[in-house]
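Single-structure report; data block below.
Every number in this text was worked out from the coordinates using simple rules, so none of it is lab data. No experiment lies behind these values; they were computed from the predicted model shown. When we count neighbours, we look across all protein chains shown, and the Cβ atoms used for this are built from the backbone with ideal geometry, even at glycine.
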Amino acid sequence: MNGVQDMGGMHNMGPIVHEANEPVFHEEWERRAFAMLLLCLGGGHYNLDMARRAIELMPPAEYLDTSYYEHWMHGLEVLMAEDGSLTREEIDARVAQLAAAGVH
Amino acid sequence: MGAHHHHAPPSDVRIRVRAIESLLLEKGLVDSAAMDKIVETFEKDIGPRRGAEVVAHAWTDPEYRKRLLENGTAAIGEFGYTGLQAEEMIVVEDTPKVHNMVVCTLCSCYPWTVLGLPPVWYKSAPYRSRVVIDPRGVLKEFGVTLPESTEIRVWDSNSELRYMVLPMRPEGTEGLSEEALAELITRDSMIGTGLPKTPAEVAA
Amino acid sequence: MPTVPVEMIDPLVAHGAPARMNVDAPTRFKVGAVIHARNINPLHHTRLPRYIRGRQGTVVRDCGVFILPDTHAHGLGPCPERLYCVRFESRELWGDDADTRNAVYITLWDRYIDD
């Protein structure tokens with residue numbers, strides 16, 4: 001697919017920002033996203049090529065405006081829904097439940 | 001991408017991750033201890049020190065250097081550092097005439113078990129888009145200026161082969177131990193966006 | 001589906017998910033062969049980026065036989081194919097203004113290469 005991921009040679013993406021002494025993860029949710037994508041992969045719900053395909057299905061503007069682990073979470077949702085393991089409705093309902101309970 | 005080096009996610013990302021995690025745990029699709037363990041492995045146990053150890057050994061042992069360049073997977077395997085996202089390793093050698101740089105333009109492939117998880121800039125659109133068309137400009141942004149006559153080879157990691165650069169050993173490091181040499185070898189020098197430090201820079 | 005237990009993390013990290021396949025596949029090109037990447041625009045997943053399509057390069061390494069992402073990404077099986085590492089000169093990719101010395105090295109599965 002001639003998707004937004006295929007960016008080799010594009011101009012005007014901005015400066016390369018190099019962070020000194022960068023931590024492995026910046027936030028706790030990144031740790032959880034990393035672990036979930038790999039464990040569901042390891043559990044055989046999908047393979048690595050499927051994970052890349054799922055990420056490439058993100059709307060282009062959203063892909064460019066989100067971070068690496070947000071891409072991963074998008075991919076995980078797509079793949080677990082394809083697999084029938086976890087639906088978007090279930091996730092939306094749980095988000096609403098957590099929000100109502102004051103979790104943020 | 002905003003003013004920050006990494007996109008600051010809205011709180012709905014955090015809550016969504018929590019929602020998904022709680023559902024996967026309830027359904028028994030992921031195990032909580034396994035989640036903690038894989039995070040800990042990549043946060044605490046694995047990092048660019050591994051690659052630096054390999055490079056320092058190659059700098060001091062010509063036979064090992066030969067093996068490393070001929071069959072990176074086997075030679076890095078001697079250290080036990082091949083693995084997830086470094087199942088197949090190719091090591092490319094810098095010389096006075098050739099400088100190597102590694103990228104993955106299509107996603108963010110990187111030799112995880114040899115160099116650790118990649119930095120944000122490596123995964124970012126600015127680096128992925130630009131290094132193949134303007135490697136010299138990218139190097140300049142990293143503060144590296146090479147002679148005009150140097151050939152720059154950019155390795156686009158589009159398959160399951162993973163690359164590591166074997167940088168040149170800095171002058172004035174004769175007699176240093178492998179441990180001392182490893183201190184000179186930065187992560188960026190093994191990606192190709194930097195050069196090893198000099199002993200003076202380490203002391204500073 | 002099995003749930004990955006904590007004891008499996010060390011083996012998972014140490015062994016990964018190898019994409020090399022221990023099967024034979026035809027060798028169409030030898031090291032040194034001058035080839036063209038195909039100009040294709042598939043709607044499916046592919047690992048042949050646009051900046052390489054239609055360009056001429058030189059085979060520098062026969063990497064062996066690997067899973068083909070184009071099918072594997074869609075659950076259509078591994079379709080083992082030979083993978084070649086190919087050097088593309090910067091001028092071939094980016095035109096006459098590009099540096100005369102620089103090059104991009106990328107791998108191409110057999111079907112990404114023109115006959």
Candidates B:E70, B:E174, B:E78; GNM for chain B (alpha-carbon contacts under 10 Å) flags as most fluctuating B:E174
Helix B:49-60 vs. chain B, principal-axis angle (Cα, 0 to 90°, nearest 10) | 20
Net charge near B:W121: determine it from the other residues with C-beta under 9 Å of the C-beta of B:W121, scoring Lys and Arg +1 and Asp and Glu -1.
-> -1
If you take all C-alpha pairs in chain A, what percent of them are over 20 Å apart?
-> 51
Which whole-Hz couplings ³J(HN,Hα) result when phi for each residue of region C:93-102 is put into the Karplus expression 6.51 cos²θ - 1.76 cosθ + 1.60, θ = phi - 60°, listed in order with x for Gly and Pro?
-> 7, 10, x, 5, 7, 6, 4, 6, 9, 6
Give, as a single signed number, the net charge of other residues whose beta carbon lies under 14 Å from the beta carbon of B:A58, with Lys and Arg counted +1 and Asp and Glu -1.
-> -3
Add +1 for every Lys or Arg and -1 for every Asp or Glu among the other residues with Cβ under 14 Å from the Cβ of C:E81, and state the total.
-> 0
In a GNM of chain A with a 10 Å cut-off on Cα contacts, which of A:H71, A:H11, A:H26 has the highest mean-square fluctuation?
-> A:H11
Within straight cross-link reach of B:K140, meaning Cα distance under 20 Å, which aspartates and glutamates are found once same-chain residues fewer than 8 apart are removed?
-> A:E19, B:D94, B:E148, B:E151, B:D156, B:D188, B:E201, C:D97, C:D99
When only C-alpha pairs under 8 Å and at least 6 residues apart count, what is the relative contact order of chain B, in percent?
-> 24
Antiparallel bridges, percent of DSSP beta bridges restricted to the protein assembly as shown (to nearest 5) | 55
Long-range amide H partners of C:V60 with built H, under 5 Å = C:G32, C:C85, C:V86, C:R87
Estimated distance in nm for a label pair at B:Y64 and C:L43, the labels positioned 7 Å out from Cα along Cα-to-Cβ | 5.3
Just the ratio, please: alpha-carbon radius of gyration of chain B over 2.2 N^0.38 Å, N its number of residues.
-> 1.13
From the phi of every residue in region A:53-59, what ³J(HN,Hα) in whole Hz does the Karplus formula 6.51 cos²θ - 1.76 cosθ + 1.60 yield, where θ is phi - 60° and glycine or proline is x?
-> 4, 4, 5, 5, 7, 4, x
Nearest 10 degrees, 0 to 90: what angle lies between the long axis of helix B:11-26 and the longest principal axis of chain B (Cα atoms)?
-> 70
Using θ = phi - 60° and the Karplus curve 6.51 cos²θ - 1.76 cosθ + 1.60, what whole-Hz ³J(HN,Hα) does each residue of region B:62-72 get, with Gly and Pro shown as x?
-> x, 5, 5, 4, 4, 4, 4, 6, 7, 8, x
Compactness ratio of the protein assembly as shown: Cα Rg over 2.2 N^0.38 Å, N = residue count?
-> 0.98
Roughly what angle does helix A:28-42 make with the longest principal axis of chain A, taking Cα atoms, 0 to 90 degrees, to the nearest 10?
-> 80
Looks like region A:1-56, by Cα gyration tensor root eigenvalues a ≥ b ≥ c and the a/c under 1.5 rounded cutoff (else prolate when a/b is bigger than b/c, oblate otherwise), is oblate
